[in-house]
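Enquirer: First the structure, then my questions, so here it is.
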Amino acid sequence: FAALARESGSRLGILRRNCPPEGVRQRLAARQQEQAAVSDGTWEVYQHQVATMVEPTAAEGVLLQLDATLPPEELAEQCLKSLAGQA
């Protein structure tokens, strides 16, 4: 995506949703209880991802740090406000 943005003369937007580990653990546990859930995410998968993830930086594009604990409507509002500030 970064290469495509550069080639087209666009800025890359990176949405980084932040959620405390306990919130992630609760969401994963709830998802595992859902019969129709298609996710194979587990606490162990999450821990591995955290340990091996390379954090995005503002040097890669417009980096928006978002609070994933917010309800979807508020998260969308936070995203739009952050994008407006980047114009």
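Enquirer: Within region 53-64, is there a residue that is farther than 19 Å from residue 85 by Cα and of a type in the set (Gly, Ala, Ser)?
Expert: The answer is no; no qualifying residue exists.
Enquirer: When only residues in region 17-41 that are under 16 Å from the mean Cα position of the chain (by Cα) and open to solvent by less than 50 Å² (accessible area, probe 1.4 Å) count, which is nearest to residue 81 (Cα to Cα)?
Expert: Step by step, filter region 17-41, then rank; the result is 19.
Enquirer: I'd like to know if region 53-64 contains one or more residues that are among the acidic types (Asp, Glu) and touching a helix residue (DSSP H, G or I) at 6+ places or on another chain (Cβ under 8 Å).
Expert: Yes, region 53-64 contains at least one residue that is among the acidic types (Asp, Glu) and touching a helix residue (DSSP H, G or I) at 6+ places or on another chain (Cβ under 8 Å).
Enquirer: If you don't mind, another one. Among the residues of region 42-87, write down those that are modelled with pLDDT under 90, among the small types (Gly, Ala, Ser) and either more than 15 Å from the chain's Cα centre (by Cα) or open to solvent by 50 Å² or more (accessible area, probe 1.4 Å) (or both).
Expert: Once the filter is applied, which keeps residues that are modelled with pLDDT under 90, among the small types (Gly, Ala, Ser) and either more than 15 Å from the chain's Cα centre (by Cα) or open to solvent by 50 Å² or more (accessible area, probe 1.4 Å) (or both), region 42-87 yields 58, 59, 84, 85, 87.
Enquirer: Do any residues in region 46-61 that are over 16 Å from residue 24 (Cβ atoms) have Cβ atoms under 9 Å from those of residues that are open to solvent by 80 Å² or more (accessible area, probe 1.4 Å) and assigned to a loop (DSSP other than H, G, I, E, B), where the two are at least six apart or on different chains, and which pairs are they?
Expert: Here the result reads 61/1; 61/11, each pair linking region 46-61 to a residue that is open to solvent by 80 Å² or more (accessible area, probe 1.4 Å) and assigned to a loop (DSSP other than H, G, I, E, B).
The values are calculated or read from the model by the stated rules, or taken from the named source; none is laboratory data. As the structure is a computational prediction, the values presented were derived from the model and not from experiment. Note: ideal-geometry Cβ built from the backbone for every residue, glycine included; neighbour counts use all protein chains shown. In case anyone asks, the SASA skips ligands and DNA or RNA and just uses the protein heavy atoms, side chains included. Shrake-Rupley method; radii C 1.70, N 1.55, O 1.52, S 1.80 Å.
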